[in-house]
Amino acid sequence: MQSNHQGFMSKLVHAGVVEDPNGSVITPIYQTSTFAFESSQQGADRFAGRDKGYIYTRIGNPTVRSLEDCVTTLEEGAGAVATSSGMGAVNTVYMALLDGGSHMVSTASVYGPSRTLMEKHYSRFGVSATFVDTSDPAAVRAAIRPDTRLLYVETPSNPMMQITDIAEMAALAHAQGALLVVDSTFASPYLQKPLLLGADVALHSVTKFINGHADVVGGILVAREEPVLHRLREVMVTTGCNMDPHQAFLVHRGLKTLALRIERSQANAAVIARWLESRPEVSWVRYAGLPSHPQAALVQRQMKGPGSMISFELEGGLEAGIQLMNHVRLAALAVSLGGVESLIQHPASMTHAGVPRTERLKAGITDGLVRYSVGIEDPDDLIADLEQALEASLMPARV
Ligand SMILES: Cc1ncc(COP(=O)(O)O)c(C=O)c1O
């Protein structure tokens with residue numbers, strides 16, 4: 001049973017679940033590549049779209065549709081397209097919404113491969129892009145050209161938790177006849193609703209908060225209106241970056257606890273961010289929930305909460321950051337984010353190693369910056385872990 005009037009938690013649990021003839025309370029895994037037709041007429045009707053039943057799993061599958069329907073309900077969109085990975089979703093957006101010779105404006109600190117895909121590959125087909133600080137509307141206005149077809153924004157952005165004003169971007173894009181796509185991975189549908197703020201597509205790497213258990217890679221796109229949904233679906237189906245039914249089952253199971261997980265990890269992050277700010281070894285802390293965040297007012301206006309991602313710099317710079325990461329015990333030294341387990345990483349040598357140093361520094365990604373994805377463990381244990389790691393980092397190295 002589901003209804004649009006239900007609260008978010010009820011939607012998380014019930015939206016999209018298929019009615020199963022055997023009474024299964026969750027959507028079963030339809031692990032099949034193809035679907036039998038009752039007659040050749042039915043097969044013809046399905047291909048012609050007169051019968052909405054399933055044909056072939058790359059085109060559509062009930063387990064995948066169940067997840068798509070749930071996320072559509074959460075984002076309040078017209079429909080969703082699940083993909084094999086977050087990058088599959090990014091590629092689907094570029095291919096579906098840009099033409100040869102057209103132009104895109106995008107966030108400068110966007111996820112590295114989203115930028116590489118455009119600069120190294122789409123450029124070969126005559127598509128061009130300008131990367132600017134999208135938290136500055138004047139910079140976006142200056143970058144928009146008559147041939148701009150897409151404004152692609154990542155907010156909050158990684159790892160500096162820079163926030164872009166979605167409603168303002170929607171107005172700028174639409175005034176130019178362009179579409180606005182928001183990579184909302186760092187917020188999840190619990191903390192931010194891009195479509196309600198005017199975006200045309202909300203994009204997620206479901207690998208992160210939506211799945212939340214560090215055991216699946218996947219992506220999803222939610223469109224505000226049917227024509228855009230249709231373009232996205234056609235590209236996903238023909239490029240073959242569909243989500244697998246087993247993958248969709250795991251993501252949908254993880255999704256049901258999204259709000260509980262985020263409430264807990266966000267509360268942990270608030271405690272840890274304040275603790276880090278009080279430590280003499282830490283030169284600065286960037287967390288969207290601290291009054292020191294330069295866009296604290298926009299966070300309050302645009303998001304339900306600040307989330308659980310923290311970046312900080314140690315007084316000792318690069319060497320101190322490396323020592324800290326080598327000494328943490330409870331948090332895992334790993335890239336990715338948004339899972340129940342805390343993860344720590346060093347952007348300059350890991351996720352952003354491919355970005356030239358001058359570009360990195362321009363985006364605020366200093367050599368000693370450490371990114372921490374706070375999980376749902378006990379906050380005292382997480383702080384004790386960081387404390388012992390900070391203290392061990394200051395000790396002379398053992399020989
Ligand atoms: C903001 C953002 N968008 C997209 C992606 C790509 O997602 P995936 O790794 O699932 O392909 C990532 C991955 O880290 C990301 O952080």
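Any residue in the stretch 153-174 that is assigned to a strand (DSSP E or B), of a type in the set (A, V, I, L, M) and modelled with pLDDT of 95 or more? Before you say what the answer is, go through the steps one by one.
Start the filter on the stretch 153-174 by keeping residues that are assigned to a strand (DSSP E or B), which leaves 153-154.
After this cut, where a residue has to be of a type in the set (A, V, I, L, M) as well, the list is 153.
From what is left, the residues that are modelled with pLDDT of 95 or more are 153.
Yes, some residue in the stretch 153-174 is assigned to a strand (DSSP E or B), of a type in the set (A, V, I, L, M) and modelled with pLDDT of 95 or more.
Return the residues of the stretch 1-59 that are outside any loop (DSSP other than H, G, I, E, B) and β-branched (Val, Ile, Thr); say none if nothing qualifies.
At the first step, the residues of the stretch 1-59 found to be outside any loop (DSSP other than H, G, I, E, B) are 8-14, 34, 40-48, 56.
The answer is 13, 34.
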Going through the stretch 350-384 in order, the residues found to be at pLDDT below 95, away from the ligand (no atom under 16 Å from the Cβ) and assigned to a loop (DSSP other than H, G, I, E, B) are 356, 364, 366, 367, 368
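When you go through 101, 88 one by one, which is the residue that is under 14 Å from the mean Cα position of the chain (by Cα) and at pLDDT 95 or above? Reasoning before the result, please.
Values: 101 fails: under 14 Å from the mean Cα position of the chain (by Cα).
None of the others qualify; the one that does is 88.
When only residues in the stretch 114-132 that are of a type in the set (S, T, N, Q) and away from the ligand (no atom under 16 Å from the Cβ) count, which is surrounded by the fewest Cβ atoms within 10 Å (Cβ to Cβ)?
First, pick out the residues of the stretch 114-132 that are of a type in the set (S, T, N, Q): 114, 116, 123, 128, 130.
Restricting the remaining residues to those that are away from the ligand (no atom under 16 Å from the Cβ) gives 123, 128, 130.
Details: 123: 12, 128: 16, 130: 16.
Residue satisfying both the conditions and the ranking: 123.
Which residue, of 219, 212, is over 19 Å from residue 259 (Cβ atoms), crowded, with 24+ Cβ neighbours inside 10 Å and within 15 Å of the ligand (Cβ to nearest atom)?
The conditions single out 219.
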task: For the stretch 150-167, indicate whether the set of residues that are in contact with a strand residue (DSSP E or B) (Cβ under 8 Å, 6 or more places away or on another chain) and acidic (Asp, Glu) is non-empty.
output: yes
All conditions in (1) closer than 30 Å to residue 122 by Cα; (2) of a type outside the set (A, V, I, L, M, F, W, C); (3) in the same structural domain as residue 202 (by TED's automatic domain parsing) are true of residue 66 except (1)
For the stretch 275-290, the count of residues that are closer than 21 Å to residue 156 by Cβ and of a type in the set (D, E, K, R) equals 2
Condition set among the hydroxyl-bearing types (Ser, Thr, Tyr) and not in a loop (DSSP other than H, G, I, E, B), scope the stretch 190-209, selection farthest from the ligand (Cβ to nearest atom): answer is 190
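Could you say which residue among 66, 40, 106 is without any contact (Cβ under 8 Å) to a residue 60 or more places away in the chain, more than 16 Å from the ligand (Cβ to nearest atom) and polar (S, T, N, Q)? I'd like the intermediate steps shown before the answer.
Working: 66 fails: without any contact (Cβ under 8 Å) to a residue 60 or more places away in the chain; 106 fails: more than 16 Å from the ligand (Cβ to nearest atom).
40 is the lone residue from the list that is without any contact (Cβ under 8 Å) to a residue 60 or more places away in the chain, more than 16 Å from the ligand (Cβ to nearest atom) and polar (S, T, N, Q).
Let's see how each residue does on (1) under 24 Å from residue 12 (Cβ atoms); (2) surrounded by fewer than 21 Cβ atoms within 10 Å (Cβ to Cβ):
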residue: 235; (1), (2): no, yes
residue: 240; (1), (2): no, yes
residue: 245; (1), (2): yes, no
residue: 248; (1), (2): yes, no
residue: 251; (1), (2): yes, no
residue: 273; (1), (2): no, no
residue: 289; (1), (2): yes, no
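Please go through the stretch 305-340 and give me each residue that is part of a loop (DSSP other than H, G, I, E, B) and crowded, with 19+ Cβ neighbours inside 10 Å, ordered by number. Please lay out each step first, then the result.
Of the residues in the stretch 305-340, the ones part of a loop (DSSP other than H, G, I, E, B) are 305-308, 315-316, 328-331, 334-340.
Residues satisfying the conditions are 305, 306, 307, 308, 328, 331, 337, 338, 339.
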Considering the stretch 69-101, residues that are part of a helix (DSSP H, G or I) and of a type in the set (S, T, N, Q), and then whichever is nearest to the ligand (Cβ to nearest atom), we arrive at 91
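The values are calculated or read from the model by the stated rules, or taken from the named source; none is laboratory data. Note that this is a predicted model, so its numbers are computed, not measured. In this analysis, Cβ positions are derived from the backbone assuming ideal geometry, glycine residues included, and neighbour counts consider all displayed protein chains.
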